[in-house]
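Enquirer: Here it is, the structure, as structure tokens.
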Amino acid sequence: MPRILMVLVLAVSVAAGMWLSRLLLPPESPAAGPADRTAAEMRASASQAETGDFSLPDLNGRTRTLADWDGKLRVINFWATWCAPCRREIPLLKDIQARHGEAGIQVIGIAIDDAEPVADYAAEMEFNYPVLIGQEEAIAAAESFGIDFLGLPFTLIVAPDGELLNVHVGEFNADQAEAMASVLRDFLDGTLPADAARQALADI
């Protein structure tokens, strides 16, 4: 639990830094804010890491690993019930799963939270994709991809062969979710090579 409190403090610090930088920088300034630098650093770190893996229980208590979805393009979303931006993303992730699941895209939610509130929220939201649960173990799952955990939400895009294509830091909106799904479909169809898909996802 102390590590979870540390994560919360870090998340608040990052948010405060973003607000302060926007207040102090002139509107025309092209300088990247702290969140932009963090996203770039996380992508760079992750691109040099070996394929991550994890072992976490799902809502039914069954232990699952990343290998359970080998052969699928995995959209791994780290979230928590107490995170408002995370909750806003969930309907978008459900839509991606409903519309593109048959094409080979698999959304996986990893809740960094206690099991009871996650189970209650899952019953309310009627997830159409698997939800795994953990606290320090879930943070370790993110770190297995070479990512330094700073706050929620964030989403990993993992190719069918296990290659990490992208780390999306922070909340994404409906337009970004649609653009992401389009890039992933083109990648799966073979019309977009991995390097081009990686760049397209980084630009979203």
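Enquirer: So which residues in the stretch 60-116 are acidic (Asp, Glu) and touching a residue at least 24 places away in the same chain (Cβ under 8 Å)? Before you say what the answer is, go through the steps one by one.
Expert: Applying the first criterion (acidic (Asp, Glu)) to the stretch 60-116 yields 68, 70, 89, 95, 102, 113-114, 116.
Result: Asp70, Glu89, Asp95, Asp113.
Enquirer: A follow-up question, please. Tell me which of these Gly190 doesn't satisfy, since it passes every other one: (1) touching a residue at least 12 places away in the same chain (Cβ under 8 Å); (2) on the phi > 0 side of the Ramachandran plot.
Expert: All conditions are met except number (1).
Enquirer: Given (1) touching a strand residue (DSSP E or B) at 6+ places or on another chain (Cβ under 8 Å); (2) not in a loop (DSSP other than H, G, I, E, B), where does Val183 come up short, assuming only one miss?
Expert: Looking at each condition in turn, Val183 falls short on (1).
Enquirer: What is the residue count in the stretch 67-87 for residues that are closer than 12 Å to Met125 by Cβ and of a type outside the set (Phe, Trp, Tyr)?
Expert: To start, the set of residues in the stretch 67-87 that are closer than 12 Å to Met125 by Cβ comprises 79, 81, 86-87.
Next cut, of a type outside the set (Phe, Trp, Tyr) only: 81, 86-87.
So the answer is 3.
Enquirer: Among (1) in a helix (DSSP H, G or I); (2) among the aliphatic types (A, V, I, L, M); (3) crowded, with 18+ Cβ neighbours inside 10 Å, which single condition is Leu132 missing?
Expert: Result: Leu132 fails condition (1) only.
Enquirer: Quick check on my filter: what residues within the stretch 193-204 are free of Cβ contacts under 8 Å to residues at least 12 places away in the same chain and not polar (S, T, N, Q)?
Expert: Pass one, the stretch 193-204, residues free of Cβ contacts under 8 Å to residues at least 12 places away in the same chain: 193, 195-196, 199, 203.
Of everything in the stretch 193-204, those that are free of Cβ contacts under 8 Å to residues at least 12 places away in the same chain and not polar (S, T, N, Q) turn out to be Pro193, Asp195, Ala196, Asp203.
Enquirer: Restricting attention to the stretch 179-188, and to residues there that are of a type outside the set (A, V, I, L, M, F, W, C) and surrounded by 15 or more Cβ atoms within 10 Å (Cβ to Cβ), which single residue is nearest to Ala103 (Cα to Cα)?
Expert: Our first condition is that a residue be of a type outside the set (A, V, I, L, M, F, W, C); within the stretch 179-188, this holds for 182, 185-186.
Still in the running and surrounded by 15 or more Cβ atoms within 10 Å (Cβ to Cβ): 185-186.
Working: Arg185: 7, Asp186: 10 Å.
Looking at residues that are of a type outside the set (A, V, I, L, M, F, W, C) and surrounded by 15 or more Cβ atoms within 10 Å (Cβ to Cβ), I get Arg185.
Enquirer: Hey, can you tell me all the residues within the stretch 127-148 that are farther than 27 Å from Asp95 by Cα and touching a helix residue (DSSP H, G or I) at 6+ places or on another chain (Cβ under 9 Å)?
Expert: Result: Glu136, Ser144, Gly146, Asp148.
Enquirer: Right, another one. Go through (1) touching a residue at least 40 places away in the same chain (Cβ under 8 Å); (2) in contact with a strand residue (DSSP E or B) (Cβ under 8 Å, 6 or more places away or on another chain); (3) under 22 Å from Leu92 (Cβ atoms) and name the single condition Gly151 misses.
Expert: Tallying (1) touching a residue at least 40 places away in the same chain (Cβ under 8 Å); (2) in contact with a strand residue (DSSP E or B) (Cβ under 8 Å, 6 or more places away or on another chain); (3) under 22 Å from Leu92 (Cβ atoms), Gly151 fails exactly one: (2).
Enquirer: Give the stretch 66-124 a look and list any residue that's more than 24 Å from Gly190 (Cα to Cα) and among the β-branched types (Val, Ile, Thr), or say none.
Expert: Matches in the stretch 66-124: Thr81, Ile90, Ile110, Ile112, Val118.
Enquirer: Collect the residues in the stretch 141-176 that are assigned to a helix (DSSP H, G or I) and within 12 Å of the chain's Cα centre (by Cα), keeping them in residue-number order.
Expert: The initial filter retains those residues of the stretch 141-176 that are assigned to a helix (DSSP H, G or I), namely 141-143, 174-176.
Matches in the stretch 141-176: Ala141, Ala142.
Here, each number is a calculation from the coordinates, and none is a lab measurement. Predicted, not measured: the structure shown is a model, and the values here were computed from it. Please note: Cβ atoms are built from the backbone with ideal geometry, for glycine as well, and neighbour counts cover all protein chains shown.
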